[in-house]
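Report on one structure; see the data block that follows.
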Amino acid sequence: MQTADLDELLKHHFGYDTFRPLQREIIDAVLAKRDTLALLPTGGGKSLCYQLPALATPGLTLVVSPLIALMKDQVDSLRANGIDAAYLNSSLDARDAAACFEHLERGTYRLLYVSPERALMPHFLAQLPRWNVTRIAVDEAHCVSEWGHDFRPEYRRLHVLRERLPRTPILALTATATARVRDDIEGFLQLDDPRRFVGSFNRPNLTYRVFEKRDALKQLLAWSTARPTESGIVYAQSRTSVEELARKLAAAGIAARPYHAGLTPRERARNQELFIRDELRVICATVAFGMGINKPNVRYVVHYDVPKSIEGYYQETGRAGRDGLPSECVLFFNGGDAAKQRHFIRQIEDPSEREQADRLLRKMLDFAAEPHCRRASLLRYFGEETHAANCGTCDNCLQPPDEIDATVPARKLLSCIYRIRANAGFSCGAHHLVDVLLGNATEKVQSWGHERLSTFGIGTEFTKDEWLALISDLLRRGLVEEGEHRTLRLTRDGLEAIRDERTIVFARPRFLKKAAKRSRTSREAVMTSYEEALFERLRLLRKRLADDQGVPPYVIFSDATLRALSARKPKTLQDFRATSGVGDVKLERYGQVFLAEIVTYDEAR
C-alpha cells in the first residue's frame, strides 16, 4: 500500500488530511500482517488503526468490542462515511441476525463488530473460517488483565480466536495500560512477537482540577448551571447518589438523567440515547457508563466521589473532549471519601485482591493531594516523563497551592481527638472537633464538658474550613479514620505521628464557591461573536439532519468540524471539502445544505 493511497483513503472516507501521532506507524504494522499492541489516549484515534486497513485490503476485519452501544455507534459512523460495516449482538432480532449472516457469507462487509461472548460461541467460531477474516482487532484490550481497572474474565478466553485462525494477525488496542497490563495483553491474547506502540498519555486539551468537597451538591449545581449549553458526565459511586444528583440537576433546569446497573436495560439504553443525541445535557452515572460512548463533544467530566484507581480516573476523564476542543475534568474530594473506600477494601476477603485494591487507591489519593503539576503526575504514573515545569492547564499550575508546615496544627488536632476519646470514652465527628479547637462553647461542647479540655480554643490560627480540610488530609494519610456515624479516631500511625513529632506539610485546599463560566482557550479562543453565532446555527442544522436520519449529531459532523466551518465560512464545495472532517461521502450528502446555511446567515448580517 503506497503512502498516497492511504492518504487518499483517509481524506475520502474520514475527511482528514493528516494522521494523528502513531496512527500511520500502527497502520503500517497492521498492513504488514504483524501482531500489534497499540496504546493511544482516549480520543487519539484508535479506531482508525483498524478501520483504514479494512478499507485498504480485501477481506473482513473482525472487531471485538465490549459494549453493544459502542458497536452501534461505530457502525453508524462508518456507514455515514460510506463504509459497509455491521454488528452482531443480542439487540438484533432473528431476522436482522440472519440477514447479517447472509451478508457475511457474500463478503459484503469490511468490518464486523462482536462482543467477546459472541466471538467465543461455538456456532460463530465454526463459521469464521468461511468469511475471509484478514485481521482481528481487540478493543479495550486492558480488560484481559486483573491488574487493570476493568477486568472482564471472558477476555481471557479470546486466545481461542488465535487458535481457530492461527495465521490471522491480531491488533490489541487500549487507552490505559501500565507495563504489567501490557504484558498481560500480549500473553493472554497469545500475540506473536508483536510490534508495540505506546502513544503519549497526555491530553493537552483537558484541564484537571480538584476541589475540597464541601456541600458537594451545591458545588455541582454551581458548576453545571454555569455551563447550561455544554454536555457533561457526573460520576458517583452509588446508585442512590446518581439518582439524587440527576433529580437535583433536573430541578435546577438542567436536562439530566441517571445511568446505573439498577435501571432496566431499556431505561439505560433510553437515557444513553438521549445523551448522545444531545437531548440531555448531563448524565449522572456510576462507572458502568461511558466505555461504550463515542460522544466527542462532552465538555466536562465531574467526579463527585473519588475513583478507585488512577486508571479508572484517567479513562473516565478521557471521555471529555474527544474532539480535541478544550474540556474540563473536576474531582470533588475529601478524606471522608478515602475512609469510605478503605472501609470497602477491608471487606474484600481475598488478600491479594485486597492488597491490589489498596495499592490502586493509595495512588489515586496521592494524585488528589498532589501539590504540583497534575498532568505530570498522571503521565509519570503511566511511565511517561515530561520536562515541562508548568503545563498551564491544571489547577496547580494555573494557581499554585499555598503549602505550609502544618506539623503543630496537626499535632493539636490529633491530640484533641485523643483527649476527647480519653475524657468521654467515645469519639466525635469533625465539626464538633473543630468547635473544640476554635473554642466555640456550643451547647453540645458544654453538655459533654469539652470546654474544660486542654485543647479547647488552641486552634484559632485556622478557620473552620481550614481545620476541616486538615482533617480531610489526615484521613487521606491514614493518621485518622472514620468510625461509626462518621466519628473520628486515631490510627496506630496517628499515635506514632504524635509521639515522633512527624513533619506534616499541608497544601491549603481550593473551595469551589462559585463556578465562573469556562474561559475559552486553544482553538475556541479565536472565535469571534459572529463565528460563535454561526456555530450555534450550524449545530441546530446538524441536530435537525441527525434527528431525521435517526443518528447522533456527531455522526453528521463533529463540533470541531462545525467550528472550523464557522471560522472558514467556505463558499464553494471545493472549499467545504478542504475542511477537516469532511470526506467525499459527507460532502455529497451535506455539502450543499451547510453551504446554503452559511451563505444565508452571512447575507443576514
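Read-outs: derived from the displayed coordinates by stated rules, not from any lab. Keep in mind it's a predicted model, so treat the numbers as computed, not measured. Neighbour counts run over all protein chains shown; Cβ positions are idealised from the backbone, glycine included.
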(request) Determine the alpha carbon to alpha carbon distance for each of Lys213/Lys248; Lys543/Lys586; Lys363/Lys412 and list only those over 19 Å. (result) Lys363/Lys412
(message) Starting from a Cα-only point model with no solvent, please compute log10 I(q)/I(0) by Debye for the chain at q = 0.05, 0.06, 0.12 1/Å.
(response) -0.26, -0.37, -1.26
(message) Ignoring GluC sites (Glu not before Pro) that are buried or in helix or strand per DSSP, and keeping those with at most 16 other beta carbon atoms within 10 Å, what is the longest stretch of the chain between them?
(response) 1-145
(request) Check cross-link reach from Lys33 to the lysines: straight Cα distance under 20 Å, and skip same-chain residues fewer than eight apart. (result) Lys46
(message) Test of the criteria: in the stretch 338-417, which chymotrypsin sites (Phe, Trp or Tyr not before Pro) are in a DSSP loop and have at most 10 other Cβ atoms within 10 angstrom of their Cβ?
(response) none
(request) Using a/c under 1.5 as the rounded threshold, could you call the stretch 206-400 rounded, prolate or oblate? The axes a ≥ b ≥ c are square roots of the C-alpha gyration tensor eigenvalues, and prolate needs a/b larger than b/c, oblate otherwise. (result) oblate
(request) Considering the options Val114, Asn294, Ala216, tell which one lies farthest towards the positive end of the dipole of the chain, charges being +1 on Lys and Arg and -1 on Asp and Glu at the Cβ, about the Cα centre. (result) Ala216
(message) Relative contact order for the chain: what percent, with Cα pairs under 8 Å and sequence separation of 6 or more?
(response) 15
(message) Can you compute the modelled spin-label distance between Phe124 and Asp602, with each label point 7 Å from Cα toward Cβ, in nm?
(response) 5.0
(request) Report relative contact order for the stretch 404-507 in percent, whole number only (criteria: Cα-Cα under 8 Å, sequence separation at least 6). (result) 38
(message) At a threshold of 8 angstrom on Cα-Cα distance, excluding pairs fewer than six apart, so keeping six or more, what relative contact order does the stretch 206-400 reach in percent?
(response) 25
(request) Report Rg (one decimal) and Dmax (nearest whole number) for the stretch 527-603, counting Cα atoms only, units Å. (result) 11.3, 32
(message) If I fit a long axis through the Cα atoms of helix 216-225 and take the longest principal axis of the Cα atoms of the chain, what angle between them do I get, 0 to 90°, rounded to 10?
(response) 40
(message) Nearest 500 deg cm²/dmol is fine: what mean residue ellipticity at 222 nm does the chain get from its DSSP H runs of n ≥ 4 alone, each adding -39,500 (n - 2.57), divided by its residue count?
(response) -13500 deg cm²/dmol
(request) Within the stretch 415-483, report the trypsin sites (Lys or Arg not before Pro) that DSSP leaves as loop and that have at most 12 other Cβ atoms within 10 Å. (result) none
(message) With Kirkwood's inverse mean 1/r over C-alpha pairs for Rh, give me the Rg to Rh ratio of the stretch 404-507, two decimals please.
(response) 0.93
(request) Please give the helix 68-80 orientation as an angle from the longest Cα principal axis of the chain, in degrees from 0 to 90, rounded to the nearest 10. (result) 40
(message) Could you derive backbone 3J(HN,Hα) for the stretch 130-140 from the dihedral phi with the Karplus parameters 6.51, -1.76 and 1.60 (θ = phi - 60°), listing whole Hz in sequence and x where the residue is Gly or Pro?
(response) 7, 9, 6, 6, 9, 7, 10, 10, 10, 7, 6
(request) Within the stretch 142-171, report the trypsin sites (Lys or Arg not before Pro) that DSSP leaves as loop and that have at most 12 other Cβ atoms within 10 Å. (result) Arg167
(message) Compute the angle between helix 94-106 and the longest alpha-carbon principal axis of the chain, please, reported from 0 to 90 degrees and rounded to the nearest 10.
(response) 60
